[in-house]
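Each remark here refers to the structure printed beneath this line.
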Amino acid sequence: MIINIQHSYDDMSKAAADFVREYVQQKPNALLCFPSGESPTGMLHYLGQYAQAGQVDFSKCTFVGLDEWVGMDETNEGSCRHYLNQHLFEPLGIKPENRILFNAKAPDLDQECERMNALIAQHGVIDLMVVGVGMNGHIGLNEPGVSFDLYAHHMALDEVTKTVGQKYFKQQTELHEGITLGLKHFQEAHYPVLIAAGGKKAGILAQALEGKVTNQVPASILQILPNAQVFLDWAVATQLTFAAAK
């Protein structure tokens with residue numbers, strides 16, 4: 001993996017956006033996956049600016065949603081779909097037919113996972129799959145203990161995720177299960193990309209990038225992905241051994 005450390009969150013966001021822009025310039029019909037949450041917002045903002053300035057054209061790209069809280073849709077402001085609509089699809093003018101998103105209210109979640117797997121398979125693999133990292137080391141909603149060999153699946157949420165996830169909601173909300181692309185998708189992506197920022201995640205990031213590769217820290221899978229790209233701000237990188245030595 002290649003680790004890119006920037007001084008600030010804004011610098012990190014721009015560096016990640018530049019990487020995405022350059023990839024799409026080379027492959028205008030790319031299959032892209034972006035996460036929701038705090039970390040990607042700056043990157044998506046820059047992508048919107050680039051698109052409006054005519055520096056990149058996303059009109060031929062297809063976008064895959066990374067995950068969703070089971071039982072929620074875009075009408076819930078804390079949902080992943082609502083976030084993507086607000087920060088990605090609407091600013092970039094992405095047509096509905098170019099969006100592949102989980103229906104987290106589907107009566108049969110296993111069947112919904114198979115639908116997502118099939119739609120992705122029609123494109124081959126995900127070209128560029130961007131993820132963040134949770135306080136427990138999760139990627140998407142691949143919680144500690146998840147198998148590295150799963151494609152799309154649904155699983156019970158870790159207690160840390162249930163607690164931290166409340167920040168996305170205006171009122172206390174019951175979170176119990178997530179539906180998510182799997183770590184097999186991440187492994188197969190042409191470019192698996194991690195973005196992370198902020199001192200509160202420095203400890204778990206160090207475990208993920210320099211600790212033991214284990215499904216108890218799902219993000220540790222990055223260590224075995226030669227094409228992985230990691231974009232960090234300085235605050236989140238402070239506990240990395242090589243960064244501390246500088």
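The values are calculated or read from the model by the stated rules, or taken from the named source; none is laboratory data. A quick note: this is a predicted structure, and the numbers were derived from the prediction, not measured. Don't worry about glycine lacking a Cβ; one is built from the backbone with ideal geometry, like all the others, and counts go over all protein chains shown.
Structure summary
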{"read-out": "Failed criterion for G198 (all others in (1) surrounded by 15 or more Cβ atoms within 10 Å (Cβ to Cβ); (2) on the phi > 0 side of the Ramachandran plot hold)", "value": "(1)"}
{"read-out": "Count of the range 152-180 residues which are assigned to a loop (DSSP other than H, G, I, E, B), in contact with a helix residue (DSSP H, G or I) (Cβ under 7 Å, 6 or more places away or on another chain) and among the hydrophobic types (A, V, I, L, M, F, W, C)", "value": "2"}
{"read-out": "Which numbered condition N142 misses (of (1) surrounded by fewer than 16 Cβ atoms within 10 Å (Cβ to Cβ); (2) within 29 Å of N29 (Cβ to Cβ); (3) modelled with pLDDT of 95 or more)", "value": "(1)"}
{"read-out": "Residues located in the range 103-121, provided they are of a type in the set (G, A, S) and in a loop (DSSP other than H, G, I, E, B)", "value": "A104, A106"}
